Amino acid sequence: DNAYTELEHTVYHVEVCQEKLFEALDMFSQFFIAPLMLKDAVDRELNIIESEFQLSKNSDECRLQQLLCHDCGLQGQDHDGKEKSGDIRKQHPFSSFSWGNIQSLKHIPEKNGIDMMKELRNFYNRYYYAQNMSLVVMGAYTLDELEKHVVQSFSQVPALPRVAVGVAIGDDEERNGMCHDTLDIQRENAGTWNVKVHTPIQDFGMPFGQEALGRICRIVPVKDRHTLSVTWQLPPQWEHWKSKPCDYIAHLLGHEAAGSLLSALKEKSWVNECYAGVGTGGYENASSHALFSLTLTISVEGVSHWTEILQYVYYYIGMIRHYCKRTDDRGERGLPIWIYEELRAIQQVSYEFADETDPIDFVEDMADRLTPYSCLPPERLLDGDDLL
């Protein structure tokens, strides 16, 4: 069993042998009904979190992510490091420390007089309820049998928060002015497939204002490699699951055939490979924004030509824009239809002939697709993220 947390949701997953599935379901459900939350267990988990942080802090990808989060937070400060008033982006959830460690979860709270065990229980009571959760179960039994045991095990999970929403909990929180209703999700038709949600992070808008764009960050990597990464922030892309415009643009930017951006840069021996698109993680693909990145692995020679590589990138983007506005001989605007058909065919073949997915990976993927802000209808949960 394990778990991971994204910007807006947490996924818990467990894998057991087939004959113990129903017994494990009953044990698993108790965490969402009546968990013990013992202090010694929390302390052990803190040490595990610290170990995972120590392993991840040397990841170039994680360091880049945290740099973006840090830059988002700097928007709320002036040149002297003082906070600006009225800048909502300084409070944007994206600007927070994206990894937990023993410093952020134990030492700092203790220094500020915060009882973390009490905070943990308050957080659980406010957000761990049925309407705020989705459940995916996979097993070699009939659907009727699976449903029967799921209902038996999870029917006691409360439908609504265990505490009143929008009310501060406890004397300490009233004294400190702490109230967690900034994370509450507004729902229409809750508990149905037609549910419509509005997440609090949407009210913040996109994480970066104009003053934070157009920046160049030079990062000393941990690994011995050179990369050039360009990131654009976009409006949230969940509702575009049918047309997938970002996949279309990524297909063009990441193409490797003759005449492509990569082929032109390879001819100069500046770039070895490139990939583009919106990441699948919660910080890159959220209900408030999407981050589209083009990452180029550049050669030693290419390092000294990075500005020229950027020129090629924007020349190529300019060419795409030109063709999008242009009208052909038949009076049709936009890029040739064969590009879209090529991408659709690639995705169709990849989906139909994909290797069999490991059950635990499949269940995790389905749980991610059931997040409140996902726009996939029930009949497209299996293929909606994969096909045009």
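Of note:
- Residue identified as within 28 Å of Ala130 (Cβ to Cβ), surrounded by 15 or more Cβ atoms within 10 Å (Cβ to Cβ) and of a type in the set (A, V, I, L, M) among Ala41, Ala24, Ala3: Ala24
- Of all the criteria given as (1) small (Gly, Ala, Ser); (2) open to solvent by 30 Å² or more (accessible area, probe 1.4 Å); (3) more than 30 Å from Gly209 (Cβ to Cβ), the one not satisfied by Gly318 is (3).
- Any pair with Cβ under 8 angstrom, 6 or more apart, that starts in segment 354-368 at a residue that is open to solvent by 50 Å² or more (accessible area, probe 1.4 Å) and ends at one that is part of a helix (DSSP H, G or I): Thr357/Asp365
- Counting only residues that are in a helix (DSSP H, G or I) and either of a type in the set (Asp, Glu) or surrounded by 17 or more Cβ atoms within 10 Å (Cβ to Cβ) (or both), segment 96-120 holds 4 of them.
- Residue under evaluation Ile320, criteria (1) under 30 Å from Thr5 (Cα atoms); (2) in contact (Cβ under 8 Å) with a residue 12 or more places away in the chain, criterion not met: (1)
- Count of segment 313-353 residues which are of a type outside the set (Ser, Thr, Tyr) and assigned to a helix (DSSP H, G or I): 22
- Check on Leu343, farther than 30 Å from His322 by Cα and in contact with a helix residue (DSSP H, G or I) (Cβ under 7 Å, 6 or more places away or on another chain): no
- Only strands (runs of 3 or more DSSP E) whose full extent lies in segment 195-294 are considered here, and the ones with at least 2 residues that are in contact (Cβ under 8 Å) with a residue 24 or more places away in the chain are 226-234, 271-278.
The values are calculated or read from the model by the stated rules, or taken from the named source; none is laboratory data. Keep in mind the model is a prediction, meaning the values are calculated, not measured. Note that we place each Cβ from the backbone using ideal geometry, even for glycine, and neighbour counts take in every protein chain shown. Just the protein is used for accessible areas: all its heavy atoms, side chains included, with ligands, DNA and RNA removed. Shrake-Rupley method; radii C 1.70, N 1.55, O 1.52, S 1.80 Å.
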